[in-house]
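The values are calculated or read from the model by the stated rules, or taken from the named source; none is laboratory data. Please read these numbers as outputs of a predicted model, since none were measured by experiment. Ideal geometry is used to build each Cβ from the backbone, glycine not excepted, and the neighbour counts take in all protein chains shown.
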Amino acid sequence: MRFQVPQFIEFEDKIFGPLTLKQFIYLAGAGGMVAVLFSLLPTFIAVILSIPILIFGAALAFYKVNNRPFIAMVEAFFKYMISKRLYIWHKEPKKVEETKFGTREQSELLVPKLSDSKLKDMTWNLDVKEQNNPTTER
């Protein structure tokens, strides 16, 4: 049984000539805002205000930053402006777990308990050195 696998799924369909639906909406929205400005304001002021609106609409429709749509950058900007930007660093204490051979800190080597005998400490040191350097001979 064969199934047909969809291809080119990362490309949006061109609905309005060479434009996708999103591009058409961005450009139509900018054009509509410019039409409202021209109907409400004198021509000179409407031209001055419509230029940034048309540039913003074209950027939303066609401009990409790091291969991502410009609307993602606008959304990230607004999230950054709205969210809190005060970061306070607090040092978290390390978690220590007791084992029968000593204490173990988070993902670190086993730390032995201090013993009463120097002989035990010396043998432990020798064992550790042998484990780290298995090529050395006795």
Of all residues in the stretch 1-42 being touching a helix residue (DSSP H, G or I) at 6+ places or on another chain (Cβ under 8 Å), modelled with pLDDT of 85 or more and outside any helix (DSSP H, G or I), the one that is nearest to Pro69 (Cα to Cα): Leu19
Boolean, Gln7 is outside the structural domain of Gly57 (by TED's automatic domain parsing) and either under 32 Å from the mean Cα position of the chain (by Cα) or closer than 20 Å to Ala72 by Cα (or both): yes
Tally, over the stretch 27-51, of residues that are closer than 26 Å to Tyr63 by Cα and of a type in the set (Ser, Thr, Tyr): 1
One residue from Ile88, Ile71 being among the β-branched types (Val, Ile, Thr), surrounded by 10 or more Cβ atoms within 10 Å (Cβ to Cβ) and at pLDDT 75 or above: Ile71
Sole exception among (1) at negative phi; (2) at pLDDT 75 or above for Asn66, by number: (1)
Sole exception among (1) closer than 30 Å to Leu27 by Cα; (2) modelled with pLDDT under 75 for Ser107, by number: (1)
